[in-house]
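A quick write-up on the structure given underneath.
The values are calculated or read from the model by the stated rules, or taken from the named source; none is laboratory data. Please read all numbers here as calculations on a predicted model, not as lab measurements. Positions of Cβ are generated from backbone atoms using ideal geometry, with glycine treated the same way; all protein chains shown enter the neighbour counts.
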Number of protein chains: 2
Amino acid sequence: MPKVGMQPIRRRQLIEATLEAIDEVGLADATIARIARHAGVSTGIISHYFDGKDGLLEASMRHILGDLGSAVSERRRALGEAPAQAHLHAIIDGNFDRSQTSRSVMKTWLAFWASSMHHTNLQRLQRVNDRRLYSNLSSQFRRVLPKRQARDAARGLAALIDGLWLRGALAQEGLDVERARQLAYDYVREQLDTP
Amino acid sequence: MPKVGMQPIRRRQLIEATLEAIDEVGLADATIARIARHAGVSTGIISHYFDGKDGLLEASMRHILGDLGSAVSERRRALGEAPAQAHLHAIIDGNFDRSQTSRSVMKTWLAFWASSMHHTNLQRLQRVNDRRLYSNLSSQFRRVLPKRQARDAARGLAALIDGLWLRGALAQEGLDVERARQLAYDYVREQLDTP
DNA sequence: TTTTATTGATTGACCGTTCAATAAAAAAAT
DNA sequence: ATTTTTTTATTGAACGGTCAATCAATAAAA
């Protein structure tokens, strides 16, 4: 079994197992024993590849953030010089991408949000992400709206996206992605139409 | 020192201490020893008055929920038959009441949200609250809008409120209550104006 | 022979709960 | 009015349990 080049495989396995464990019992009870069991390996391996539990958690958050970044930028890359509305819709779609709307990922996001209030490394990651969303939205609104209005529209849309997402995570029925996107689209339209 | 009638006093003290501890180190590290120290009592007292830590946490969440309910209903009581917009503004104002926008309360909210995904008793409390916000908003929009439109407006506004709140809790600068309220007002206006 | 991969028992720290002990007020009895 | 009993309040050490981290041992590839 053991040979060279296991690192990337194990790391992916363990991150996936982390999300499963958090989905199953929450971050507070996602022990390394449970995570290791999900991945089908021993506990020692976690320290070996991630320098301990904290390292694994940070890597897991980075992983989700990476997926989000990809989901957004892939959609936008095809757009080029398209109108602001198209870019705004792409950003919305990216935020409601399948990779971000599974139960386990939404739960993990929520757990990391709460946790980031007290762990500076997670906090840093989360803030980079927050700002990126805001500044992407802001610069697109800025193409069609005066500065103050663009800023408010960006703040509002960012909050609406996060709020839809949060309520979807908490709701029994889960997140209705189609309806959420539609509500966000409506917000964009109203912001762009209003003179 | 010891005499009769300590129960309500200790309960309030311990709930307050819980919020302080969560603000200080987060729910995960808010041990009963730390909470008891904040309240200036011994650890045993927590089990005595709350049947253990879980009971205290649930009571703390109930306390915050109670404050929120009061903040909203007090504002609305004075309104009577006032137009829908006035009621909607009152609901918004209640949700951004001082009792709900302090750092410690916002942090605690976020922690409880994450925790409620895996503790059915907290989940119940949180869902009752979610539904109340939605149904309050919905019934007010229903006075001026057709059913589907009212439903969507309520969903959107609920998400916007929660999202503004969430981003305020996570942001370095904290929540700018005045600006948040204004964005929510704007959303209401756009929903009511659009025919 | 060296390097990489992996295991899992052990260790040390910590946490929530329990409970016997203590103290003071309230209630009952004298 | 005084003593006795009961009730309420509180403490904090002791206990049982859990967890993350460590590390010596093992095994297979390089």
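Would you be able to say whether some residue in region A:40-47 is closer than 22 Å to A:HIS119 by Cα and in a helix (DSSP H, G or I)? Taking every residue of region A:40-47 in turn, at least one turns out to be closer than 22 Å to A:HIS119 by Cα and in a helix (DSSP H, G or I).
Suppose we keep only residues that are closer than 23 Å to B:SER116 by Cα and out of contact with any Phe, Trp or Tyr (no Cβ under 9 Å at 6 or more places or on another chain) within region B:48-57. Which one would you say is nearest to DNA strand D (Cβ to nearest atom)?
B:TYR49
When region A:159-179 is filtered for residues that are in contact with a helix residue (DSSP H, G or I) (Cβ under 6 Å, 6 or more places away or on another chain) and within 8 Å of another protein chain (Cβ to nearest Cβ), the ones remaining, listed by number, are A:ALA159, A:LEU160, A:ILE161, A:ASP162, A:GLY163, A:LEU164, A:LEU166, A:ARG167, A:ALA169. Report yes if B:VAL72 is out of contact with any Phe, Trp or Tyr (no Cβ under 7 Å at 6 or more places or on another chain), surrounded by fewer than 18 Cβ atoms within 10 Å (Cβ to Cβ) and at pLDDT 95 or above, otherwise no. When the stated conditions are applied, B:VAL72 does not pass them. Which of the residues belonging to region A:183-195 are at pLDDT 95 or above and more than 8 Å from chain B (Cβ to nearest Cβ)? A:ALA184, A:TYR185, A:VAL188, A:ARG189, A:GLN191, A:LEU192, listed by residue number. Residue count for region A:34-64 satisfying the condition of being within 14 Å of chain B (Cβ to nearest Cβ) and closer than 19 Å to A:MET106 by Cβ: 2. Residue pairs whose Cβ atoms lie under 6 Å apart, separated by 6 or more positions or on different chains, with the first residue in region A:1-24 and closer than 30 Å to B:SER116 by Cα and the second in a loop (DSSP other than H, G, I, E, B) and at pLDDT 95 or above, are A:ALA21/A:ALA30; A:ILE22/A:ALA30.
Residues are listed down the side, and each one gets a yes or a no for (1) more than 10 Å from every other protein chain (Cβ to nearest Cβ); (2) in a helix (DSSP H, G or I); (3) crowded, with 20+ Cβ neighbours inside 10 Å; (4) β-branched (Val, Ile, Thr):
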position	(1), (2), (3), (4)
A:SER104	yes, yes, no, no
A:LYS107	no, yes, yes, no
A:PHE112	no, yes, yes, no
A:GLN123	no, yes, no, no
A:VAL128	yes, yes, no, yes
A:SER135	yes, yes, no, no
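Among the residues of region A:21-33, is there at least one that is away from chain B (no Cβ under 14 Å) and either within 16 Å of DNA strand D (Cβ to nearest atom) or touching an Asp or Glu at 6+ places or on another chain (Cβ under 9 Å) (or both)? Within region A:21-33 (the criterion being away from chain B (no Cβ under 14 Å) and either within 16 Å of DNA strand D (Cβ to nearest atom) or touching an Asp or Glu at 6+ places or on another chain (Cβ under 9 Å) (or both)), the answer is yes, since at least one residue qualifies. Taken over region B:1-17, the residue count meeting the criterion of being within 11 Å of DNA strand C (Cβ to nearest atom) and either within 14 Å of chain A (Cβ to nearest Cβ) or of a type outside the set (Lys, Arg) (or both) is 5.
Could we say that A:ARG167 is crowded, with 18+ Cβ neighbours inside 10 Å, closer than 22 Å to B:PHE112 by Cβ, of a type in the set (D, E, K, R) and within 20 Å of the chain's Cα centre (by Cα) here?
On the way: crowded, with 18+ Cβ neighbours inside 10 Å: yes; closer than 22 Å to B:PHE112 by Cβ: yes; of a type in the set (D, E, K, R): yes; within 20 Å of the chain's Cα centre (by Cα): yes.
Here the answer is yes, as A:ARG167 does meet what is asked.
Looking only at region B:45-61, decide whether some residue is closer than 20 Å to B:ARG167 by Cβ and not aromatic (Phe, Trp, Tyr). The answer is no; no qualifying residue exists. Among the residues of region B:84-102, those identified as in contact (Cβ under 8 Å) with a residue 60 or more places away in the chain and either surrounded by 21 or more Cβ atoms within 10 Å (Cβ to Cβ) or not polar (S, T, N, Q) (or both) are B:ALA84, B:LEU88, B:HIS89, B:ILE92, B:ASP93, B:ASN95, B:PHE96.
Got at least one residue in region B:147-158 being within 30 Å of B:ASP54 (Cα to Cα) and either more than 7 Å from chain A (Cβ to nearest Cβ) or out of contact with any Gly (no Cβ under 9 Å at 6 or more places or on another chain) (or both)? No: region B:147-158 contains no residue that is within 30 Å of B:ASP54 (Cα to Cα) and either more than 7 Å from chain A (Cβ to nearest Cβ) or out of contact with any Gly (no Cβ under 9 Å at 6 or more places or on another chain) (or both). The one condition from (1) more than 9 Å from chain A (Cβ to nearest Cβ); (2) assigned to a helix (DSSP H, G or I) that B:ARG143 does not meet is (2).
Could we say that B:SER60 is in contact with an Asp or Glu (Cβ under 8 Å, 6 or more places away or on another chain) and more than 16 Å from DNA strand D (Cβ to nearest atom) here? No, not satisfied.
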